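Here is the structure we will look at, set down as structure tokens.
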Amino acid sequence: MKKIRHLLSMSDLAKNELLTLLNRACQLKEGWSKGARPRPLADKSVALVFEKPSTRTRVSFEVGVAQLGGKPVFISAADSQLSRSEPTRDTARVLSRYVDAIVIRTFGQNIIEELARFATIPVINALTDSHHPCQVLSDLMTVLEHFGRVQGLNYCWLGDGNNMANSWIEAAGILGLSLALACPKGYEPDAAILDAAQKNGARITLGANPQEAIKGADVVSTDVWASMGQEDEAAGRKAVFAGYRLDETLLAKAAEQAVVLHCLPAHRDEEISEGVLEGPQSLVWQEAENRLHLQKALMEFLLEA
């Protein structure tokens, strides 16, 4: 029996697999623009289980499945037995008999890990509170398109040590990237994830000074200060994160050729200024587009594994 592959976090990928995925995503994007229509998911169905709201993730996965010849089946928590506390293991075993893969956007990482433990089909993490691997893979694809490489560059993360920060740290550990993070005290990323990446050879620094972290950065990433489920903390977080806004003054401290990434949705003139978001160094819209093609490459890889 062949081993079922999942993507629960970046750490599920070896270095060569990660780089192959990025290149394949670029091939799929270029091929699609030239009329290529590969159908590796023909006669296959993919369940999209969403317990959190979504625009880019839902649409990019639904369209991606369809473009690869498959059938997307969207399941919201409110419309399924998940809302009535059906055990995750039961959902995993039932869906494994109906569809060929599960994409899930949920809360705790433990939920997706249990789903994968009982599923007999690939499970893809479309966001949990701890990890957002599909977004960081798409970000790396965007970097590859722009610079022609992902290694040998200086990366910077500004703001909350959230799921995005954790996935960037894991990516740095896999690829040996140079990554500087600036997070306010008390809002640091997961210490165990950081320790594992540093032991794996990543050149990662963590501090609280955004001016220091951004110096010489080629790729600057940020995110909202209050993620989904943290709305009641928004006012307090605005005060804590006020010095972390990515504006023109702060961006000027990065490398001259620096590019800006943001996973969206963005709160203009909060974590990022309108001028930077819409400016010439912003790759945000290309980054959002690349979710579609990276996720196609990922589904192709996992279903063929």
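The values are calculated or read from the model by the stated rules, or taken from the named source; none is laboratory data. Model, not experiment: these values are computed from the prediction. Ideal geometry is used to build each Cβ from the backbone, glycine not excepted, and the neighbour counts take in all protein chains shown. For accessibility, only protein heavy atoms count, side chains too; no ligands or nucleic acids. Shrake-Rupley method; radii C 1.70, N 1.55, O 1.52, S 1.80 Å.
When the test is whether a residue is assigned to a helix (DSSP H, G or I), open to solvent by less than 30 Å² (accessible area, probe 1.4 Å) and either within 18 Å of E300 (Cβ to Cβ) or in contact with a Leu (Cβ under 6 Å, 6 or more places away or on another chain) (or both), L28 passes it.
Within region 125-154, the set of residues being β-branched (V, I, T) and either over 21 Å from E51 (Cβ atoms) or touching a Gly at 6+ places or on another chain (Cβ under 9 Å) (or both) comprises T128, T142, V143, V150.
Table: residues versus (1) in contact with a helix residue (DSSP H, G or I) (Cβ under 6 Å, 6 or more places away or on another chain); (2) within 17 Å of V224 (Cα to Cα).
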{"residue": "N154", "(1), (2)": "no, no"}
{"residue": "L158", "(1), (2)": "yes, yes"}
{"residue": "G161", "(1), (2)": "no, yes"}
{"residue": "M164", "(1), (2)": "no, yes"}
{"residue": "L177", "(1), (2)": "no, no"}
{"residue": "A182", "(1), (2)": "yes, yes"}
{"residue": "G186", "(1), (2)": "no, yes"}
{"residue": "D190", "(1), (2)": "yes, no"}
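What are the residue pairs meeting all of these: first residue in region 60-71, first residue at positive phi, second residue surrounded by fewer than 22 Cβ atoms within 10 Å (Cβ to Cβ) and part of a loop (DSSP other than H, G, I, E, B), Cβ atoms under 9 Å, and 6 or more apart or on different chains? Listed by first residue and then by second, the contacts come to G69/R37; G69/P38; G69/R39; G69/P40; G69/A42; G69/D43; G69/K44.
Checking the stated criteria, A165 turns out to be part of a helix (DSSP H, G or I), open to solvent by less than 30 Å² (accessible area, probe 1.4 Å), touching a Pro at 6+ places or on another chain (Cβ under 9 Å) and among the aliphatic types (A, V, I, L, M).
Quick one: in region 1-19, which of the residues that are more than 17 Å from the chain's Cα centre (by Cα) and within 23 Å of A196 (Cα to Cα) is surrounded by the most Cβ atoms within 10 Å (Cβ to Cβ)?
Within region 1-19, the match that is surrounded by the most Cβ atoms within 10 Å (Cβ to Cβ) is R5.
If you go through region 89-108 one residue at a time, do you hit one that is more than 17 Å from the chain's Cα centre (by Cα), open to solvent by 70 Å² or more (accessible area, probe 1.4 Å), under 26 Å from M141 (Cα atoms) and free of Cβ contacts under 8 Å to residues at least 12 places away in the same chain? Scanning region 89-108, I find no residue that is more than 17 Å from the chain's Cα centre (by Cα), open to solvent by 70 Å² or more (accessible area, probe 1.4 Å), under 26 Å from M141 (Cα atoms) and free of Cβ contacts under 8 Å to residues at least 12 places away in the same chain, so the answer is no.
When the residues of region 249-299 are narrowed to those that are hydroxyl-bearing (S, T, Y) and farther than 26 Å from P133 by Cβ, which ends up most open to solvent (accessible area, probe 1.4 Å)? Only one residue tops the list, namely T249. Look at D139 and say whether it is surrounded by fewer than 24 Cβ atoms within 10 Å (Cβ to Cβ), within 19 Å of the chain's Cα centre (by Cα), closer than 30 Å to G236 by Cα and modelled with pLDDT of 95 or more. Spelling it out, it is not the case that D139 is surrounded by fewer than 24 Cβ atoms within 10 Å (Cβ to Cβ), within 19 Å of the chain's Cα centre (by Cα), closer than 30 Å to G236 by Cα and modelled with pLDDT of 95 or more. Considered as a group, the residues in region 48-85 that are acidic (D, E) and assigned to a helix (DSSP H, G or I) include one that is surrounded by the most Cβ atoms within 10 Å (Cβ to Cβ), and that residue is E62.
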